[in-house]
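One structure is given below, encoded as structure tokens.
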Amino acid sequence: MSRALPKYNKRRVGFIGGAAAVALTGAVIAGTALAGESSGDGGSANARTLAGPGTVSCPDVAPELPAIPASAQAEVERTLADLDKQIAEADKRLVDTVGQGGPDFVQNAILGPLEDKRFAAINRIATAIGRTAERPSGLDSLAACTLTK
């Protein structure tokens, strides 16, 4: 007696396996398509995000600076201008990426990197002042920014 499946059993196994593969593929595609949608009270947050991106709000650094030595004035002014440019770029990125990413997208992709850049710029300002005068302290707290709606 042959151990091989008769021809009709081979076709039946092939047909059932093919149908199962098609059904599984359809389920995966449907699950992927619906993965970004949320239900319940999470839907109102998505509607708010799509309605308007908001703006980036950062503490002003200039009023917190001590007297700036003349030798550091140009570098400090240039770095303060860079801080303003960074905020403008973050606002533009907010508008360009409306509706993208998940709930932490703005924090991870815009506000977090902006805080790192501001921290470095504020450190450059403190270093420039510290070359000829006492280095200011406590400026690092001005690096964090928030999103205002």
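Can you find, within the stretch 86-104, the residue that is farthest from Phe119 (Cα to Cα) among those that are assigned to a loop (DSSP other than H, G, I, E, B) and not hydroxyl-bearing (Ser, Thr, Tyr)? So that I can check it myself, show each step before the final result.
Going through the stretch 86-104, the residues assigned to a loop (DSSP other than H, G, I, E, B) turn out to be 97-104.
Going one step further and asking which of them are not hydroxyl-bearing (Ser, Thr, Tyr), we end up with 98-104.
Numbers: Val98: 26, Gly99: 28, Gln100: 26, Gly101: 25, Gly102: 26, Pro103: 24, Asp104: 21 Å.
By that ranking, first place goes to Gly99.
Tally time: how many residues in the stretch 92-148 are surrounded by 15 or more Cβ atoms within 10 Å (Cβ to Cβ) and among the β-branched types (Val, Ile, Thr)? Qualifying residue count, the stretch 92-148: 5. Of everything listed in (1) open to solvent by less than 60 Å² (accessible area, probe 1.4 Å); (2) modelled with pLDDT under 95; (3) acidic (Asp, Glu), the single unmet condition for Asp82 is (2).
Give the stretch 81-96 a look and list any residue that's over 22 Å from Ala120 (Cα atoms) and in contact (Cβ under 8 Å) with a residue 40 or more places away in the chain, or say none.
To start, the set of residues in the stretch 81-96 that are over 22 Å from Ala120 (Cα atoms) comprises 95-96.
Answer for the stretch 81-96, where residues must be over 22 Å from Ala120 (Cα atoms) and in contact (Cβ under 8 Å) with a residue 40 or more places away in the chain: just Val95.
The values are calculated or read from the model by the stated rules, or taken from the named source; none is laboratory data. Keep in mind that this is a model prediction, so the values were computed, not measured. In this analysis, Cβ positions are derived from the backbone assuming ideal geometry, glycine residues included, and neighbour counts consider all displayed protein chains. Quick note on the areas: whole protein, heavy atoms, side chains included, nothing else; ligands and nucleic acids left out. Shrake-Rupley method; radii C 1.70, N 1.55, O 1.52, S 1.80 Å.
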